[in-house]
Amino acid sequence: MTRAYSVLAESGFLSARQGSAHLASLPIDHHRRGVGGALLPGTDTDSDTLDLTCAASRAPAGTIEAYTAALSVLPGYLTGTGYAIGGLPELRELIASRYGQRGLPTSADQIMVVNGGLAGVSLAARALIGVGDRVLAESPSYPNSLHAVRRCGGRLVPLPVEANGWDIELAEATIAASRPTSAVLIPDFHNPTGNLLSDEHRSRLAAALRRAGTVPIIDETMLEVRLDDADHPLPFAAHLARAVLVGSASKSHWGGLRIGWLRVPPGLRSRLAQLRLTEDLGAPLIEQLATIELLRQRFTLHPERRAELIAARQTMTELLPSAVPGARWVQPAGGLSLWVELPEASASALARTAARDGLLLSPGSQFAVAGGLERFVRLPYKDPAPVVKEAMSRLGEAWQRRHQHAEPGARSQPRPVVA
Ligand SMILES: Cc1ncc(COP(=O)(O)O)c(C=O)c1O
């Protein structure tokens, strides 16, 4: 028994306290890895730095058990080659069943498992976008998807998204005028604004895209990060059958799984499968097996995680007015961030000052399709409430001193947005 206690204490799962009491906890300090944000090469942070550039949370309860269960079934797969190019059939069945639950009948053949949502967007972009093609994208948007489109030679056509959502008439006009080949859209708790596109507006957007002959890539990575109770709109492909949907377990469960998927319209299946053969030949089996375990329990957020995020969002919205007087935002019903409008266009100066105070921020310009958005900053509430509280206190100090370090410098470039 004593030995068991000391093993737990050594590995950081138990802290000794005064008297005989012990406290069970998740390991802290040197036992934790990647707590600041992403483990991005060359951007190590000390353990005191609060990293708000990565909108992602730690693994929920049950993750270790899912991996343990995955290991216990792994032997059955070891006699095979281990290559599951489109994903394990059981996983594809499960994912297809979720689309059915959401009102979009789907067969397992339409699902291709990939290494996370970004890999899905990137693969679909390779399949759909050629050099010089116009591609509609929200501005702001998730920057890595924009980079993926640019890498294919796509020319981005920005569709402004405001704090309170899409201007659907402007979207219809932009689509009619530009007739884009493809589009990269995030209708479900849009990153970074958190907006949710209503069914009525999905249907109007789908009709405009249909008229223009556009095949959109619909990024549903944030879909299951639902914090407020409300009916969720239908998947976009229920309005436009040719839409490619991209899903991910990164935000509903854990980014370390690196599991995502595509829901592909039948006409695109063989092209995507061909392209996949030049990419990575499949996702790791152990993570696919662990994801099966996790999705069998729930597709949605773990209730503890949901409660934690709701509390963190509340803490942030309570403290933000005194940290940055005059800041404005619309509280999102889901997702992991507030998209905050500052009283002046100084987000980059604020981020540089905050970095010196141990708080890393992503200024709005990092999410813009074609520059601008300097009035905005994305603030993820992905950490427990006490950490959010400390972050808001550092933010308040940095806001007061934001003009002290206003000179831009190569060394103070904002950290790339990972998630
Ligand atoms: C809209 C969106 N798409 C894709 C990703 C990347 O997801 P994954 O970790 O599954 O690759 C993110 C991560 O934040 C995201 O917000």
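Derivation of every value follows stated rules applied to the coordinates shown; laboratory data play no part. Given the structure is predicted, the values throughout are model-derived calculations rather than measurements. Cβ placement follows ideal geometry from the backbone for every residue including glycine, while neighbour counts extend to all protein chains displayed.
Numbers at a glance
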item: About the Cα centre, charge dipole magnitude for segment 182-307 (Lys/Arg +1, Asp/Glu -1 at Cβ), debye; result: 460 debye
item: Radius 11 Å from Cβ of Trp399, net charge of other residues (Lys, Arg +1; Asp, Glu -1); result: 0
item: Estimated inter-spin distance, Ala108 and Asn144, nm [label 7 Å along Cα→Cβ]; result: 2.9 nm
item: About the Cα centre, charge dipole magnitude for the chain (Lys/Arg +1, Asp/Glu -1 at Cβ), debye; result: 760 debye
item: Relative contact order [Cα under 8 Å, 6+ residues apart], the chain, whole percent; result: 20 percent
item: Segment 363-398 versus segment 171-191: alpha-carbon centroid distance in Å; result: 26 Å
item: Local net charge near Leu281, Cβ-Cβ under 15 Å (Lys/Arg +1, Asp/Glu -1); result: -1
item: Size of the chain as Cα extents on the principal axes (Å, biggest first); result: 71, 61, 41
item: Calculated P(r) tail over 22 Å for segment 66-297, as whole % of Cα pairs; result: 50 percent
item: Nearest-0.05 FRET efficiency for Leu78 and Asp46, computed from C-beta distance (R0 60 Å); result: 0.90
item: Positive-end residue, the chain charge dipole about Cα centroid, Cβ charges, pick of Tyr381, Pro235, Leu128; result: Leu128
item: Under the Karplus curve 6.51 cos²θ - 1.76 cosθ + 1.60, θ = phi - 60°, whole-Hz ³J(HN,Hα) for segment 167-176, x wherever Gly or Pro sits; result: 8, 5, 5, 4, 4, 4, 5, 5, 5, 5
